[in-house]
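> Got a structure for you, questions after.
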Amino acid sequence: MQQFTNHSNRIQQPAKAWLVYLSLCVALGLDYVPTGALPGVPDWMALALAFWSIREPARVGMGTGFFFGVLVDIGQGAAMGQHALAYVVLAFLSNGLARRVMWFPVLVQALHVLPILLAAQGLMVAVRVVAGDEFPGWWYFLSSATGAILWLPLDYLLPQQLQPVDRDENRPI
Amino acid sequence: MPSADFQTLPVFKRGTKVRSRLLLFVTICLAMLVADMHFRYLETLRQVLSVVTYPLQRISSEPVMAARDASVYFATLAKVQIENADLRRRQLDVAEQRLRFEQLEQENAQLRALLDMAKRVRTRSVAAEVLYNAPDPFSRKVILDRGARGSVEAGQAVIDADGVLGQVTRVYPIQSEVTLVTDRNQAVPVQVERNGLRGVVFGTGRGGLEVRFVLANADIRVGDRLLTSGLDGMFVPGLPVAVVENVERDTDAFARVACRPLGGVERSARVLVLGRAELPPPPPKPDSEAPPAARSEAGAGKGRAKIGKNEAGVGKSGTGTRKSGAETRRRGAENS
């Protein structure tokens, strides 16, 4: 029989606002690193947005995605609205999955994130190819895979109070 | 996807609102994309916001630059001495050429004055360094370390020692963005060196170039060098652009001409930004005695300058000068 204590980690604490926005700004900085045509470099901003849209759907959503998307567009010299569109859709999908994803083990979570990242990238390719730019090659989509792999360590990087609820006989799921 | 969850809990229902927000954002994004890529309306917004993002960009590019400069830093003394001797020798060669060039240029200016042709502008050039490839994987662009403060202007040609690399398409205060000739949306008006046949070179987007709209029976062969024709008023005429590698004539009415760029398009680190070839045409005088037909012809020439979407309107001026010079000459011949 477990003792009742005041300190319980059953309820997931909301993340601090500064942590959310600082991490998004760091991701923005990482997206600005000029890596050239190196395949498989993850889209840090997409990853961070997907993460917070799943963890904090009330705070991070389509508006945040749009704002940071425009900033990525400007920094990368991409078409204005290209990343914004992709991140809005990404935030929408992630918000929709928010109540489900966190109950799965971390590997299955990553498998949920992978199609979301791929959808965002596919949208960007569609927009630019329709506009008459060159197709960057299939290696371009590798960065979604590396992004999904990076989902695994993200789970451990978070502060302890943000970890999901422990399971016991009273809370089987 | 989310609606199934929400419908079971009407208290927390947010399905329609979320969907309408999605629709709103997607509409805004699509409108922005069209406004930016098709009409180029958002350049001012981009310039303003780039001031905000610039510090972060600078910090982010710092490690990459440091890694690149490290190789220079650790170069051995012997290597530098050899390079130095080589450069001195080359400088002597160039000095001799330069003396002759100055004399020829003077002579050319006098001859043009005699013929009453438009004056060539003395092109000013700015040396710049390629900082890095632009991260956008859908286009072929590089970022230079000189911007508006280094008197770089949009539309200027960028060359290296071997040929044309591209054209400045966006100018920020301290940096500028160059679209390489291999980009799908970049076009350069060229001339075959051997016979003066004109054409326009486009990037293929796969690292090569092709001359489009050349008739299948046109006289163009493998090994021909293509030089800028200067018809757009932006590129100085006579700069080497590409060499023809393959000609297919049995496809269409047009020949398929594949070329290889002569300049180190995706390799060069140090480049030269050349000024415009000609001044923009002077505003037409109201009391000019030019016949209306000639004026409309000069006006029609403007459309041709708008080659390539990337010029963002900068190419719209500059074609008239050559034309008006020709007009004057013809008029002079008629009078005499």
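All of the numbers you see were taken from the coordinates with simple rules; none came from a lab. It should be emphasised that the depicted structure is a prediction, and the values quoted were computed from it without experimental measurement. Cβ: placed from backbone, ideal geometry, glycine included. Neighbour counts: every protein chain shown.
> How would you classify segment B:21-163 from its alpha-carbon gyration tensor, with a ≥ b ≥ c the square roots of the eigenvalues: rounded for a/c under 1.5, else prolate if a/b is greater than b/c, otherwise oblate?
Judged from the Cα gyration tensor, segment B:21-163 comes out oblate (a/c at least 1.5, b/c at or above a/b).
> Averaged over its residues, how many other protein chain Cβ atoms are within 10 Å of peptide A:30-40's Cβ atoms?
5
> Find out how many positive minus negative residues lie around B:ALA258, taking Lys and Arg as positive, Asp and Glu as negative, among other residues whose Cβ is under 15 Å from that of B:ALA258.
+2
> Then there's this: Under a 5 Å amide H to amide H cut-off, with H placed in plane at 1.01 Å, what residues pair with B:GLY166 once short-range neighbours are removed?
B:VAL158, B:VAL181
> Can I ask one more? For a quick check: with amide H placed at 1.01 Å from N, whose amide H comes under 5 Å from B:ALA255's, ignoring anything fewer than 5 positions away on the same chain?
B:VAL214, B:LEU215, B:ALA216
> Moving on to the next point. Counting alpha carbon pairs within less than 8 Å and at least 6 residues apart, what relative contact order, in whole percent, applies to segment B:205-272?
Averaging sequence separation for qualifying contacts and normalising by length gives 35 percent for segment B:205-272.
> How long, wide and thick is segment B:125-279, going by the Cα atoms along their three principal axes, in whole angstroms, largest first?
49, 35, 22
> Okay, next question. Quick one: B:THR44, B:THR123, B:THR179, fewest Cβ neighbours within 10 Å first, how do they rank? If you can, show how the numbers build up before the last one.
On the way: B:THR44 8, B:THR123 13, B:THR179 27.
With the fewest neighbours first, B:THR44, B:THR123, B:THR179 line up as B:THR44, B:THR123, B:THR179.
> Using only the Cα atoms of segment B:53-119, build the gyration tensor, take square roots of its eigenvalues as a ≥ b ≥ c, and label the shape rounded, prolate or oblate: rounded if a/c is under 1.5, else prolate if a/b is larger than b/c, else oblate.
In terms of gyration-tensor shape, oblate.
> If you take every residue apart from B:ILE220 with its C-beta less than 10 Å away from the C-beta of B:ILE220, what net charge results, scoring Lys and Arg +1 and Asp and Glu -1?
Around B:ILE220, the surrounding residues sum to +1.
> Give me the Kirkwood hydrodynamic radius of segment A:17-162, using the inverse of the mean 1/r over all pairs of distinct Cα atoms, in Å to one decimal.
It is 15.2 Å.
> Less than 19 Å from a label point 7 Å out along the Cα-to-Cβ axis of A:VAL130: which backbone N atoms in segment A:72-116 qualify, by residue?
A:73, A:78-93
> Calculate the FRET efficiency for A:CYS25 and B:LEU114 from the Cβ-Cβ distance with a Förster distance of 56 Å, rounded to the nearest 0.05. If you can, show how the numbers build up before the last one.
On the way: r = 64 Å, r/R0 = 1.15.
Given R0 = 56 Å and the Cβ-Cβ separation, E is 0.30.
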